[in-house]
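Chemist: Let me begin by handing over the structure; questions about it come next.
A short reminder: the numbers here are calculations on the coordinates, not readings from a lab. Computed from a prediction, not measured in an experiment: that's the story for all the values here.
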Amino acid sequence: MNFSRFYLSNRCLLVNFSHLLVSFTRLLVSLADLLVNFTHLLVSFTLSP
């Protein structure tokens, strides 16, 4: 009985960790996207006469 409860709480923790990892990855991706857009803007500014 105790073991099953431990397993359940562990599973819950694992699920929460997975969600955290996913949201962190999304944040990283959006940050990279922002950086790429900024670089494009900078390049267009530099190249435009």
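Chemist: Multiply the residue gap between LEU27 and PHE45 by 0.36 nm, knock off their C-alpha separation, and tell me the result in nm, one decimal place.
Modeler: Full extension of this stretch gives 3.8 nm more.
Chemist: So what's the angle, to the nearest 10 degrees on a 0 to 90 scale, between helix 2-47 and the longest Cα principal axis of the chain?
Modeler: Its long axis makes an angle of about 0 degrees.
Chemist: Let me ask something else about it. Determine the principal axes of the Cα atoms in the chain, then give the extent along each, sorted from largest to smallest and rounded to whole angstroms.
Modeler: So the three principal-axis extents are 74, 6, 5 Å.
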